[in-house]
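To keep things clear, I will list the structure first and then write my remarks on it.
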2 protein chains.
Amino acid sequence: MARDTRSRMIAGAARLVGTRGAASMSLRELARAAGVPIGSTYHHFPGGKQQLVEEAVRSVGAHVTRRIEAGRDDGPAAALEALADEWRDVLERTGFGSGCPVLAVATEDDPALGALATQVFEAWQESLTAVLVDAGVDEQRAPRLAMLVVAAIEGAVALCRAERSLRPLEDSVVELRGLLDSALG
Amino acid sequence: MARDTRSRMIAGAARLVGTRGAASMSLRELARAAGVPIGSTYHHFPGGKQQLVEEAVRSVGAHVTRRIEAGRDDGPAAALEALADEWRDVLERTGFGSGCPVLAVATEDDPALGALATQVFEAWQESLTAVLVDAGVDEQRAPRLAMLVVAAIEGAVALCRAERSLRPLEDSVVELRGLLDSALG
DNA sequence: CCCTGGCTATGACAGTCGTCATAGACTCCG
DNA sequence: CGGAGTCTATGACGACTGTCATAGCCAGGG
């Protein structure tokens, strides 16, 4: 029961941070949305809001990293598709109401959360770099390509949310796939 | 004097929105930062915070559009560089404290501001598309490339802010330039 | 049976927020 | 000099925030 409340709060926090940003997410609203008691927030998260947001961002980060690495043997195109798929799902499930919580945290003013976002982005880049190198991409170039992929996907997700359409993500993926293909030679 | 107060408030709002986001920007803080009287906010902006944020985003959008179109005859590489230059300047001048206010507004929950952000992004994409077509890029592909460029630059700026380094932007620009070059043939 | 300990519920706290009404201070024209 | 109109200053309003102390509930073990 305790674990359930805790994980529901983390999942809800991830969605709410992706919706309003960490600063604008209210603990009362989170409790309401997650269907958990308001008053016991500090029982499960003694570190308060900061701890809650940190765990939510870390959890999303780890989940996406796993998704990238799951298809490591299927090549760069599959890794790109995994990344895009994750956010396509989120955008569609929430009716373009929520985006990437890591990006949300990266664009806010809290240095601790900024450093956390960087950790997550770097983990994604490392996984992508490994896939690229495996596929024969130049070792100098692979990290740069991985950086572009992460930046472009994150930017595209934000554009999708504003435009309430998947087109920015789909267009970006088409061009990125072409670029990755041409880098394999 | 009036015009001066007004434009200082708009410039300050652009910076603050790029720093904390529109929802977390306080009118009191804006007045303090812009060195203008707190109480007269609603004299200059009867529409309140919403009008202020809208004018700030529109002003930044128009400025960047002009910068892209200024070098229209210098080709895609110059347009890309103009876009990157704008945000490099902002990031450096603010010590990675402020990013792109249009992206900030795009990732928040206000549908009106989201639509506004989309307008700005579309204006940028149209300018870039024109430059690409001028340079001989396929007319089907040019809008897609422009979309990727905008998404990637915006994403990269966010990563720069979190990482407190220009590397994400520089890396992305290198790869984007290569891609644009290879699309000219 | 009681009672201990994990969980929940309620409400207070100090602070900030956007908004606006009102009153004072200026500048400039007649 | 006087008055009109533009701008500034002050402070109030209700609502919301994160945080936490306190008290109550309710299952499990002795």
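Annotations for the structure displayed:
- Taking the helices alone, chain B has a mean residue ellipticity at 222 nm of -25500 deg cm²/dmol, built from -39,500 (n - 2.57) per DSSP H run of at least 4 residues and averaged over all its residues.
- Computed 3J(HN,Hα) for the stretch A:30-39, one whole-Hz value per residue from the Karplus formula 6.51 cos²θ - 1.76 cosθ + 1.60 where θ = phi - 60°, is 4, 4, 4, 5, 7, x, 10, x, 5, x, glycine and proline marked x.
- Averaging 1/r over every pair of different alpha carbons in the stretch A:1-46 and inverting the result gives a Kirkwood radius of 10.4 Å.
- Surrounding net charge for B:ALA151, when Lys and Arg each add one and Asp and Glu each subtract one, Cβ distance under 9 Å: -3
- Taking Lys and Arg as +1 and Asp and Glu as -1, the other residues whose beta-carbon sits under 12 Å from that of A:ALA78 total -3.
- Among the residues of B:22-28, the average count of other protein chain beta-carbon atoms within 10 Å of the residue beta-carbon is 2.
- Chain B: angle of helix B:76-93 to the longest principal axis, Cα-based, in degrees nearest 10: 30 degrees
- With all pairs of different C-alpha atoms in the average, the Kirkwood value for the hydrodynamic radius of the stretch A:56-184 is 14.7 Å.
- Taking Cα atoms only, the orientation of helix A:141-163 departs from the longest principal axis of chain A by about 50 degrees.
- Shielding of B:137-150 by partner chains, average beta-carbon count, 10 Å: 4
- Largest GNM mean-square fluctuation among B:ALA13, B:ALA151, B:ALA79, using chain B with Cα springs under 10 Å: B:ALA151.
- Percentage relative contact order, the stretch A:1-78, counting C-alpha pairs under 8 Å, at least six apart: 30 percent
- Crossing angle, helix B:48-70 versus chain B [Cα axis fit, 0-90 degrees, rounded to tens]: 30 degrees
- Legend: mean number of C-beta atoms from other chains within 10 angstrom of residue C-beta atoms, peptide A:92-100, equals 1.
- Ranked list, fewest to most other Cβ atoms within 10 Å of each Cβ, for A:ILE10, B:ILE38, B:ILE153: B:ILE38, A:ILE10, B:ILE153
- Rule-of-thumb Rg ratio for the stretch B:1-81 [Cα; 2.2 N^0.38 Å; N residues]: 1.29
- Summarised as an ellipsoid, the protein assembly as shown has semi-axes of 31, 29, 16 Å, derived from the eigenvalues of the Cα gyration tensor scaled by 5 and square-rooted, with the largest first.
- Dipole axis of the stretch A:56-184 (+1 Lys, Arg; -1 Asp, Glu on Cβ), positive-most option in A:THR94, A:TRP124, A:VAL105: A:THR94
- Relative contact order (%) - chain A, alpha-carbon pairs under 8 angstrom, separation at least six: 23 percent
Read-outs: derived from the displayed coordinates by stated rules, not from any lab. Source: prediction; values computed, not measured. Because the Cβ atoms are built from the backbone with ideal geometry, glycine has one as well, and the counts that use them run over all protein chains shown.
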